[in-house]
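Below you'll find the structure, written out as structure tokens, and then a few comments.
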Amino acid sequence: MFNSTKKNNNNNFNPKKLVGIAALKNGDMPPYETVHFVDTQQSVWNYSLFTEEDINNFQQGTHYRLYHLFGNKQLEVLGKQGTYFAVWAPNASAVSVIGYFNKWNKTAHPLKVRLDRSGIWEGFIPGVLQGEAYKYHIVGYQGMELDKGDPFAHFWEKRPYTASITWQTQYEWDDAQWMQNRHSKNNLSAPISVYEVHLASWMRPDKYNEETYNTYEQIAERLVPYVKEMGFTHVEFMPVMEHPFDGSWGYQGTGYYAPTSRFGNPQGFAYLVNELHKAGIGVFLDWVPSHFPYDAHGLFMFDGTHTYEYADMRKGYHPDWNSYIFNYKRGEVKSFLISNACFWCDAFHADGLRVDAVSSILRLDYSRSEGQWEPNEFGGNGNLEAIAFIKDLNETLYRDFPDIQTIAEEATDWPKISKPTFEGGLGFGMKWMMGWMHDTLDYFKVDPIFRSAFQDKFTFSMMYFYNENFMLPLSHDEVVHGKSPMIYKMPGDEWQKFANLRTLYTYMFTHPGAKLLFMGNEFGATNEWNYKSELQWDLLQYPPHAGMKQCVMALNKLYTTEPALYELQFSTEGFEWVDLNHRAECVMVYKRKGKNKADDLLIILNVTPVVRQNWEVHVYGKDCWTEIFNTDDVQFFGSGTIKNEKIKCEKVYIDEEWYRIHVNLPALSTIILK
């Protein structure tokens, strides 16, 4: 289904018709010349793509390619072009396909329910081609009538309109080199530096108009060279799955199998991924299997009953997000979700999924007080069927797409999140290191005069780092809702704020683990992120912000070219504390180590606004060190006055490899020696 030789599959599609579709509400009629009407006297033909094995696997929760079967499929049957429709509505008494093509006639094209009690309604409608808007009219429980979008549709009307569109995802991919070699880019011994992007607000055609969007092709034209210039190895897109409300940032989705139509059609999204891959950049996608909204056209009460969500609201309702929780115990729902994860890796060549809100999936008591949740059969707070779902999800993805990564956004101390399932883990490849993020920001927010009392916050991360495979995130969540942009979390005057932030980023890039930085953080945005506007690109005309951008570029280059920073980033052999004995002066020293001793790096942080000349460090193993990075460099908006052009090194003990080196430490800075 996904290997057509046509890059833009527009056969039998009139572009003018889509304009009408995007501009009208259900029931309204676009100009007559833009609509292809179907003979409503033409019956729906009996037709099925399902085998008995498909049905069994679907019901058991072990069918992982449902997107080949459900939804709409443009086919030729008995010499007639048309579309096959299939939808799961187990509590419906009638289901029909309605759309502009039949004037939203609820009786014109009824689907037939399978006789195997699977709850699947299906049929082939001759004459319905690609590009038609449609919904399912469902007569559900107790005669309730609902008009629902297709849970498996690959394309939807642009919000505020809510119909699905007959469309497939065929695309002529040109990223074979990336796909063949991506194991070397996505594995845990490779540098993984992620640029987190919200596609709408990264850049807009009109920065003052939230209703303007670049197309996927225009985004590719602008984003790909920028990410390449900055040196990030991957991008992570905040949810691109279709969603009705911009203010949800994509985390309240209705079209799980469709890239949002805000920026174009599915082929446009494939083009964006393809261009990133051709530039050597991996693509992670935010994925939300934890909850969905109650929009009338979405999954909630799909056939008049709790079809996709738990019926018991102690498990089925999210009090934090006013949304509903998938029923992980139900085989059909489990098949829907795991198929969806596979779909994005299969149809759109995703290099991995960052799974949102994993804590809320795992815990029955998440955001619930006593009496609002019921323990599991063993008296614990774990959602046993959700845990089984997560394990099955990761096992399936790594089996079928072994060169990807799954990344858990999980904020508790739940054990073995990123350990293999055969070791009792959940099977994720990595986990967001939320503790590091909170402790690091808390430390850097403190006025330098008081930092000596908070050194433990700085060092604590390495006490538990090896429990998981961690990704260090400075994400969108840290620059919204009154938390302030990164630059204003830093204390001091303007120069000190930027110096502090450069040091924080250098600490992040030299700390073990993968990295993630939200868009705008790389140049020190002065406003909190606002999904309605675009990034403050005009700030780059000012030296402090241009310098910050240069610093992040240099850090990415350092991270991706110095093996000591990534080869052993998840191994105890890759990190060593060298000196934590100068708490009063707030100078901390650690070493990053690669497989080759010659690659070792020495990182020295001076996090007070005091210049320290001729600072003495005792280090083991090498008698010659050169400064390769200095956050106080003038190109980064530093002072550029304190350098280490020649580093004095003396042997401490004649018979051992202990050496004393002397370095000059700029104020509020980090230097890196090799």
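Checking the conditions here, which among 256, 251 is touching a residue at least 60 places away in the same chain (Cβ under 8 Å), closer than 22 Å to residue 365 by Cβ, in contact with a strand residue (DSSP E or B) (Cβ under 8 Å, 6 or more places away or on another chain) and assigned by TED's automatic domain parsing to the domain that holds residue 366? Reasoning before the result, please.
Working: 256 fails: closer than 22 Å to residue 365 by Cβ.
Selected residue: 251, the only one of 256, 251 that is touching a residue at least 60 places away in the same chain (Cβ under 8 Å), closer than 22 Å to residue 365 by Cβ, in contact with a strand residue (DSSP E or B) (Cβ under 8 Å, 6 or more places away or on another chain) and assigned by TED's automatic domain parsing to the domain that holds residue 366.
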request  = Please work out if residue 293 is out of contact with any helix residue (DSSP H, G or I) (no Cβ under 7 Å at 6 or more places or on another chain), touching a residue at least 24 places away in the same chain (Cβ under 8 Å) and under 13 Å from residue 256 (Cβ atoms).
outcome  = yes
key: Filter result for the condition that a residue is more than 29 Å from residue 445 (Cβ to Cβ) and of a type outside the set (Ser, Thr, Tyr), over 603, 647   = 647
inquiry  = I'd like to check something: does segment 281-293 contain any residue that is touching a Lys or Arg at 6+ places or on another chain (Cβ under 8 Å), part of a helix (DSSP H, G or I), small (Gly, Ala, Ser) and assigned by TED's automatic domain parsing to the domain that holds residue 244?
reply    = no
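Taking the criterion of being aromatic (Phe, Trp, Tyr) and either surrounded by fewer than 17 Cβ atoms within 10 Å (Cβ to Cβ) or more than 30 Å from residue 674 (Cα to Cα) (or both), would at least one residue in segment 488-497 satisfy it? Steps first, please.
Taking segment 488-497 as the starting set, the residues that turn out to be aromatic (Phe, Trp, Tyr) are 488, 495.
Those still in the list that are either surrounded by fewer than 17 Cβ atoms within 10 Å (Cβ to Cβ) or more than 30 Å from residue 674 (Cα to Cα) (or both) too: 488, 495.
Yes; the residues of segment 488-497 include at least one that is aromatic (Phe, Trp, Tyr) and either surrounded by fewer than 17 Cβ atoms within 10 Å (Cβ to Cβ) or more than 30 Å from residue 674 (Cα to Cα) (or both).
Could you say which residue among 595, 651 is surrounded by fewer than 16 Cβ atoms within 10 Å (Cβ to Cβ), assigned by TED's automatic domain parsing to the domain that holds residue 523 and more than 26 Å from residue 563 (Cα to Cα)?
Numbers: 595 fails: more than 26 Å from residue 563 (Cα to Cα).
Answer to the selection: 651.
Determine, yes or no, whether residue 145 is more than 30 Å from residue 301 (Cβ to Cβ), surrounded by fewer than 22 Cβ atoms within 10 Å (Cβ to Cβ) and acidic (Asp, Glu).
Criteria not met by residue 145.
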key: Unmet criterion (only one of (1) within 17 Å of the chain's Cα centre (by Cα); (2) touching a residue at least 12 places away in the same chain (Cβ under 8 Å)) for residue 477   = (2)
ask   = What residue, among those in segment 508-532 that are surrounded by fewer than 21 Cβ atoms within 10 Å (Cβ to Cβ) and touching an Asp or Glu at 6+ places or on another chain (Cβ under 7 Å), is farthest from residue 195 (Cα to Cα)?
value = 532
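For segment 106-122, name all the residues that are closer than 17 Å to residue 150 by Cα and assigned to a loop (DSSP other than H, G, I, E, B).
106, 109, 111, 119, listed by residue number.
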task = Look through 224, 240 and report the one residue that is surrounded by fewer than 21 Cβ atoms within 10 Å (Cβ to Cβ) and touching a residue at least 40 places away in the same chain (Cβ under 8 Å).
result = 224
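What tally of residues in segment 540-567 results from selecting those that are in a helix (DSSP H, G or I) and under 18 Å from residue 496 (Cα atoms)? Steps first, please.
The first filter runs over segment 540-567 and keeps only residues in a helix (DSSP H, G or I), leaving 540-541, 543-561, 563-565.
From the residues that got through so far, the ones that are under 18 Å from residue 496 (Cα atoms) too are 543-552.
Result for segment 540-567: 10.
Going through 264, 268, 304 one at a time, which residue ends up being more than 28 Å from residue 351 (Cβ to Cβ) and either in contact with a Ser or Thr (Cβ under 7 Å, 6 or more places away or on another chain) or not acidic (Asp, Glu) (or both)?
Values: 264 fails: more than 28 Å from residue 351 (Cβ to Cβ); 268 fails: more than 28 Å from residue 351 (Cβ to Cβ).
After applying the criteria, what remains is 304.
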task = Can you tell me which residue among 87, 95 is modelled with pLDDT of 95 or more, touching a His at 6+ places or on another chain (Cβ under 9 Å) and part of a strand (DSSP E or B)?
result = 95
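Considering only segment 149-164, I want to know if a residue exists there that is among the hydrophobic types (A, V, I, L, M, F, W, C) and in a helix (DSSP H, G or I). Before the answer, list the steps.
Taking segment 149-164 and keeping what is among the hydrophobic types (A, V, I, L, M, F, W, C), we get 152-153, 155-156, 163.
Of the ones still in play, those that are also in a helix (DSSP H, G or I) are none.
Looking for residues that are among the hydrophobic types (A, V, I, L, M, F, W, C) and in a helix (DSSP H, G or I), one finds none in segment 149-164, hence no.
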ask   = Residues in segment 326-337: is at least one touching a residue at least 60 places away in the same chain (Cβ under 8 Å) and assigned to a loop (DSSP other than H, G, I, E, B)?
value = yes
request  = Filter segment 508-534 for residues that are closer than 17 Å to residue 471 by Cβ, touching a Ser or Thr at 6+ places or on another chain (Cβ under 6 Å) and either in a loop (DSSP other than H, G, I, E, B) or without any contact (Cβ under 8 Å) to a residue 40 or more places away in the chain (or both) and give the result.
outcome  = none
request  = Please enumerate the residues belonging to segment 465-507 that are aliphatic (A, V, I, L, M) and not in a strand (DSSP E or B).
outcome  = 479, 480, 486, 487, 490, 499, 501, 504
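From the list 670, 641, 626, which one is crowded, with 20+ Cβ neighbours inside 10 Å and of a type in the set (Val, Ile, Thr)? Walk me through how you get there before you give the answer.
Details: 641 fails: crowded, with 20+ Cβ neighbours inside 10 Å; 626 fails: crowded, with 20+ Cβ neighbours inside 10 Å.
Sole residue among the options that is crowded, with 20+ Cβ neighbours inside 10 Å and of a type in the set (Val, Ile, Thr): 670.
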ask   = Which of (1) surrounded by fewer than 20 Cβ atoms within 10 Å (Cβ to Cβ); (2) part of a loop (DSSP other than H, G, I, E, B); (3) not hydrophobic (A, V, I, L, M, F, W, C) is the odd one out, the single condition residue 618 does not satisfy?
value = (2)
ask   = Of all residues in segment 296-306, which are in contact with a helix residue (DSSP H, G or I) (Cβ under 8 Å, 6 or more places away or on another chain) and crowded, with 22+ Cβ neighbours inside 10 Å?
value = 303
message = Restricting to segment 553-586, name every residue that is surrounded by 14 or more Cβ atoms within 10 Å (Cβ to Cβ) and among the hydrophobic types (A, V, I, L, M, F, W, C).
response = 553, 554, 555, 558, 564, 565, 568, 570, 575, 578, 580, 586
remark   = Residue hits (segment 405-434; surrounded by fewer than 18 Cβ atoms within 10 Å (Cβ to Cβ) and at pLDDT 95 or above) are 414, 415, 416, 419, 420, 421, 422, 423, 424, 425
request  = Specify the residue that is surrounded by the fewest Cβ atoms within 10 Å (Cβ to Cβ); the eligible residues are those in segment 373-402 that are in a helix (DSSP H, G or I) and either aromatic (Phe, Trp, Tyr) or without any contact (Cβ under 8 Å) to a residue 12 or more places away in the chain (or both).
outcome  = 399
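The values are calculated or read from the model by the stated rules, or taken from the named source; none is laboratory data. Just so it is clear, the model here is predicted, and its values are computed rather than measured. Counting neighbours? That spans all protein chains shown, and the Cβs are built from the backbone with ideal geometry, glycine included.
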